[in-house]
1. Sort the following peptides by mean Cβ neighbour count (other Cβ atoms within 10 Å, averaged over residues), highest first: 57-63, 143-149, 41-47.
2. So for the chain, averaging the separation of alpha carbon pairs under 8 Å that are six or more residues apart and normalising by length, what relative contact order in percent results?
3. To the nearest 0.05, what FRET efficiency results for ALA125 and CYS75 with a Förster distance of 35 Å applied to their C-beta separation?
4. Most mobile of GLY187, GLY121, GLY142 per a Gaussian network model of the chain (Cα springs, under 10 Å)?
5. Take the Cα of ARG23, step 7 Å along the line toward its Cβ, and report every residue of region 167-207 whose backbone nitrogen sits under 19 Å from that point.
6. What is the gain in length, in nm to one decimal, between LEU89 and ALA46 on full extension, counting 0.36 nm per residue of separation less the C-alpha to C-alpha distance?
7. Please give the calculated 222 nm ellipticity per residue for the chain, where each DSSP H segment of at least 4 residues contributes -39500 (n - 2.57) and the sum is spread over every residue; nearest 500 deg cm²/dmol?
8. At 15 angstrom or more along the helix axis (alpha-carbon based) and mean Kyte-Doolittle of -0.5 or higher, what helices does the chain contain? Whole DSSP H runs only.
Amino acid sequence: MAVAAAMNHVAYAWDFSFLWHYRWLVLWGLGITVAYTIATIVIGMAIGLVVGLLRLSSNKFVTLPLTAYVEVFRCTPLLVQLVWVYYALPVLIGVDMSATTACFLTLSLYAGSFYAEVFRGGIEAIDRGQWEAGQAIGMREGRIFRRIVLPQAIQVMVPSFINQTIIQLKNTSLVSTVAVGDLLYQGSVITAASYRPLEVYTTIAVLYFVVLFPLTLVADQMEQRLGAHR
């Protein structure tokens, strides 16, 4: 019994050296992850800006569909959205869609729904008196928005933008579920070939941390500066 117990508790022999042979696969996966993050953030911000501004309208025919879009994407799991867009949407619209396209579309719309709320909340946080002051000196609404309201709103929005960017980078790991070759997917490929999941997934976790931790520091500093100026 004692011998069997000792065998069951043999210390695991860590060995990361084999990963050197897969370094280009890891770097390729990391590149895919970063590329997805940057591209979907850019498109998501564009979507969010348009949706956020339109949601400030008093016209319910404009705001209701946009509110429905925002709430649907914010209130359903991203993984469910990815699977639905990849498997169900092509059947409904009758168009073939690659995993890459499905993931890009879903992540962009998902990010856009959150950025829309950031834009809307940031703009609404600016006191109405700023608009009135601009109008009092003869400025048009578009110029008031660009020159007075937006610069102040950006200061409010930047920490939320950074936090959402961090979340978006972590969310890209879900694209591996539909066989897009991101960092996590390449990790599963290496694990299948090496049978060393502990080393592989520990390395992946470290890489995510190395990329994300500086962003969290930037977000913290921005929040502290914003708090100091209030």
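1. Values: 57-63: 9.9, 143-149: 15.1, 41-47: 18.3.
In descending order of packing, they fall as 41-47, 143-149, 57-63.
2. Numbers: 208 pairs, mean separation 63.0, N = 230.
Relative contact order of the chain: 27 percent.
3. Working: r = 23 Å, r/R0 = 0.66.
The pair ALA125/CYS75 has a calculated efficiency of 0.95.
4. It is GLY142.
5. 183, 186-187, 190-191, 194, 199-207
6. Details: separation 43, 0.36 × 43 = 15.48 nm, distance 2.29 nm.
Result for the pair: 13.2 nm of gain on full extension.
7. Values: 11 runs with 170 residues, N = 230.
Computed mean residue ellipticity for the chain: -24500 deg cm²/dmol.
8. Values: long enough: 23-54 (46 Å, 1.93); 60-74 (20 Å, 0.76); 99-124 (37 Å, 0.74); 150-171 (29 Å, 0.50); 183-194 (16 Å, 1.03); 197-228 (45 Å, 0.97).
Counting only whole DSSP H runs, the qualifying helices are 23-54, 60-74, 99-124, 150-171, 183-194, 197-228.
Read-outs throughout are calculated quantities, based only on the coordinates presented, and are distinct from any laboratory measurement. No experiment lies behind these values; they were computed from the predicted model shown. As a convention, Cβ positions derive from the backbone with ideal geometry for all residues, glycine included, and neighbour counts pool all protein chains shown.
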